[in-house]
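A quick write-up on the structure given underneath.
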Amino acid sequence: GMQKERLKLLQMAEDFRKVVLRMGFETGPSSTQIISILVGADAQAIRIAEHLYDNGIFAAPIRPPNIAEGNARLKICISLKHE
């Protein structure tokens, strides 16, 4: 019974991916509301995550040992409560 909401959520995620791509980052193959922003350097992922957090956006930095060195990323989950 929530098909309309699911479609809206997926559209919001797709719109967000387009913005991230225009900023020069890759988002990987996912097509869900869970988005990975590929950053590369561990320190850069932490800096970006801190900057986003200071501006009201939580983006978890994912880095070694969870993934290989040099493949750090930010994980963002879009929800219908986002504007």
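The values are calculated or read from the model by the stated rules, or taken from the named source; none is laboratory data. Worth saying up front: this structure is predicted, and the values here are computed from it rather than measured. Note: ideal-geometry Cβ built from the backbone for every residue, glycine included; neighbour counts use all protein chains shown. Side chains are part of the model used for accessible areas, which takes the heavy atoms of the whole protein and leaves out ligands, DNA and RNA. Shrake-Rupley method; radii C 1.70, N 1.55, O 1.52, S 1.80 Å.
Can you pull the percent of the chain's accessible area that's carbon plus sulfur, 1.4 Å probe, other chains left in place? Show your work: numbers first, answer last.
Numbers: 3360 of 5930 Å².
Using a 1.4 Å probe with all protein chains present, the chain comes out at 57 percent carbon and sulfur.
Compute the label zone of ILE67 within segment 45-60: residues whose backbone N is under 18 Å from the point 7 Å along Cα-to-Cβ. Those under the cut-off are 45-53, 58-60.
For the chain, the per residue solvent-accessible surface stands at 71 Å², with DNA, RNA and ligands left out and a 1.4 Å probe.
Largest to smallest in accessible area, the residues HIS82, HIS51 fall in the order HIS51, HIS82 (1.4 Å probe, all protein chains included). Residues whose amide H falls under 5 Å from that of GLU26, counting only those 5 or more places apart or on a different chain, are LEU38, with hydrogens built in the peptide plane. Each label point was placed 7 Å from the Cα along the Cα-to-Cβ direction; for SER79 and ASN55 their separation is 2.1 nm.
In the chain, taking the dipole from charged Cβ atoms about the Cα centre, the farthest positive-side position among GLN3, VAL39, HIS51 is held by GLN3.
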